[in-house]
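See below for the structure under consideration.
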Amino acid sequence: MESVYNWIGNRNHAAESGDFFEKRNPHNNELLWKVYSADVNLVDDAVRSSLEAFYDWSRLTPIERGCYISEMIKVLFAKSEDIISCNSLETGKSRKNSFGEFKAAIQQAKFWEGEGMRLYGQSYTSENSLKFSTSIRVPIGVAALIVPANTALANIAWKLFPALVCGNTVVLKASENAPKLASFFGEIAKEINLPSGVLNILQGEGKTGELLVKHKDTRLISFTGSTEVGKRIAYEASNSLKRVSLELGGKNPFIVCEDANLKDAVDWATLSAFSNAGQRCSAASRIIIADKVYDEFKREFSNRIKSLKLGIDDDCDLGPVITKRHQKNIEHIINQFKNSGANVLSVCEAVIPNIDGNYILPTVIEENGYSDFSDTEFFAPVVVLSRYRTFEEAIALANKSLYGLTAAIHTNDINKAMHFAKEINAGVANVNFGTYGSEPHMPFGGLGISGNGSREPGTEAINVYTELKNISILMSK
Ligand code: NAD
């Protein structure tokens, strides 16, 4: 069986203890590979290696660092077949969807290869006519990048490229659910002659991430994952005042107004709720529908779901969820809804592939307003429908969650669209499309328990990956 290792100083490493875990294919639970997890010593080796590389790397100009990203793009294309297949195998996505994610990662790289030319500071006026004052952007140090597996390739791209162009050295903690995908970046680093230590990659579960967060020499923690883990990281990192960027979960509302184009609303609601098997931080998980069109929307939405196809082929609409444990948790939540008397609609007529995969049928639950689950992210193909009578009620319902990542409204009334955009508690507000769809140059992040106020990727990521230094010079008279 193939093995996946930690990548430190341009070489594969396994912990002396030989600790490993098994990575399985979510589609059929067949064993894919044996993954060697990092222990405390390997975490220390990786951070030390990145610290040693920092001085030289941070002294290159941002434009020179951008040239390394250009080289990475070439190798990413050369390895695209293997990367796309690996993404499908590890995450249970169709090849078509893996290819889409690959393109998103490339777009991100293309954005950052040139961004070094725009790593601008700012000049300031002074009350002293002889004083010249300006700010420059400086790197922070060793950046620990911790990622999930739902869009593993894009998640790595979002963090790795800005971190490097801004002059930091990186220890990437791979998701335990997409370990080999991360290891491609080690091979790429070697092929483009990225100086040893500029990028190290660690494998392992939460414990490995925790060791990185606690390590005295990691100065920046950029984390994408669940709110629960994000809170723990914020707590641990506060002791040493590290820079922390948290991109966390969502419980995103999708409002359908009575004047909406219902066909479009149904199409976008279906994609927002069920694509990627609902495993998107930006998935629509609460559909809030005007009373007057509730029955019609429910009927059309149910009809649409009826024909959804499960599996990993390109003509499938959704694949499995990432682990057996996650599948069991979601089945338990659906049963809790059933036991509480909620109307759980059996609308999907899809056949679950006849194998031991982590499949969950797209599930629709009817509910009246707020429930115990309004603050629980499912991260699965499960969506709750509720109805509203007035527009104010719709906004109030949408805002009744501790999360505040993304939101969408479907309406043909510009006033409603504008009021929604102004009033909704979300970092991303979309009109007449899905709850997802941010592009590489747009700021993405959430309010409330969806994050800590940082925005990645795009130009805003510079605020995550650099410090601002103010330089003032007093001329002689
Ligand atoms: P998770 O929080 O369980 O794990 C994410 C990563 O953190 C993994 O690499 C994991 O090994 C590591 N980790 C776990 N415990 C840790 C600890 N104590 N210290 C440091 N690292 C630790 O999340 P997941 O299940 O892998 O991913 C799903 C979550 O990610 C969802 O909540 C989803 O909404 C969120 N997500 C957010 C965004 C965003 O941009 N806001 C994007 C994608 C996913």
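The values are calculated or read from the model by the stated rules, or taken from the named source; none is laboratory data. Computed from a predicted structure; not experimentally measured. As a convention, Cβ positions derive from the backbone with ideal geometry for all residues, glycine included, and neighbour counts pool all protein chains shown.
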Pairs returned, first residue in region 168-179 that is closer than 11 Å to Ala38 by Cβ and among the charged types (D, E, K, R), second residue that is in a strand (DSSP E or B) and within 6 Å of the ligand (Cβ to nearest atom), beta-carbon separation under 6 angstrom, 6 or more apart or interchain, are Lys173/Ile146
Kindly establish whether Leu248 is under 18 Å from Trp7 (Cα atoms), of a type in the set (A, V, I, L, M), within 16 Å of the ligand (Cβ to nearest atom) and in contact with a strand residue (DSSP E or B) (Cβ under 7 Å, 6 or more places away or on another chain). no
Among the residues of region 217-233 satisfying the criterion of being buried (at least 21 other Cβ atoms within 10 Å of the Cβ) and of a type in the set (Gly, Ala, Ser), which is farthest from the ligand (Cβ to nearest atom)? Ser222
Select from region 399-415 the residues that are over 17 Å from Ala260 (Cα atoms) and more than 16 Å from the ligand (Cβ to nearest atom) and write down the one among them that is modelled with the lowest pLDDT. Lys400
Expected output for region 19-40 (first residue over 27 Å from Lys216 (Cβ atoms), partner of a type in the set (A, V, I, L, M, F, W, C) and at pLDDT below 95, Cβ below 6 Å, 6+ apart or cross-chain) is Asn28/Ile355; Lys34/Met1
What number of residues within region 417-430 satisfy the criterion of being more than 13 Å from Ala284 (Cα to Cα), surrounded by 15 or more Cβ atoms within 10 Å (Cβ to Cβ) and touching a strand residue (DSSP E or B) at 6+ places or on another chain (Cβ under 7 Å)? 5
Just give me the residues in region 428-440 being part of a loop (DSSP other than H, G, I, E, B) and in contact with a Ser or Thr (Cβ under 7 Å, 6 or more places away or on another chain), in sequence order. Gly434, Thr435, Tyr436
Take the conditions within 16 Å of the ligand (Cβ to nearest atom), without any contact (Cβ under 8 Å) to a residue 40 or more places away in the chain and closer than 19 Å to Asp375 by Cα and apply them to Asn452. Does it pass? no
Sort through Phe373, Phe378 and tell me the only one that's in a loop (DSSP other than H, G, I, E, B), within 14 Å of the ligand (Cβ to nearest atom), in contact with a Lys or Arg (Cβ under 9 Å, 6 or more places away or on another chain) and not basic (Lys, Arg). Phe378
Those residues of region 215-233 which are assigned to a helix (DSSP H, G or I) and not hydrophobic (A, V, I, L, M, F, W, C), in sequence order: Thr227, Glu228, Gly230, Lys231, Arg232
For region 234-265, give me each residue that is surrounded by fewer than 22 Cβ atoms within 10 Å (Cβ to Cβ) and outside any loop (DSSP other than H, G, I, E, B). Ala234, Tyr235, Glu236, Ala237, Ser238, Arg243, Val244, Leu262, Lys263, Asp264
For Glu127: the one exception among (1) farther than 29 Å from Ser183 by Cα; (2) part of a strand (DSSP E or B): (2)
Give the residues of region 348-398 that are under 22 Å from the mean Cα position of the chain (by Cα), of a type outside the set (D, E, K, R) and surrounded by fewer than 19 Cβ atoms within 10 Å (Cβ to Cβ), sorted by residue number. Thr376
Does region 88-108 contain at least one residue that is closer than 27 Å to Asp217 by Cβ and surrounded by fewer than 17 Cβ atoms within 10 Å (Cβ to Cβ)? no
Of all residues in region 292-326, which are assigned to a helix (DSSP H, G or I), hydroxyl-bearing (Ser, Thr, Tyr) and out of contact with any strand residue (DSSP E or B) (no Cβ under 6 Å at 6 or more places or on another chain)? Ser302
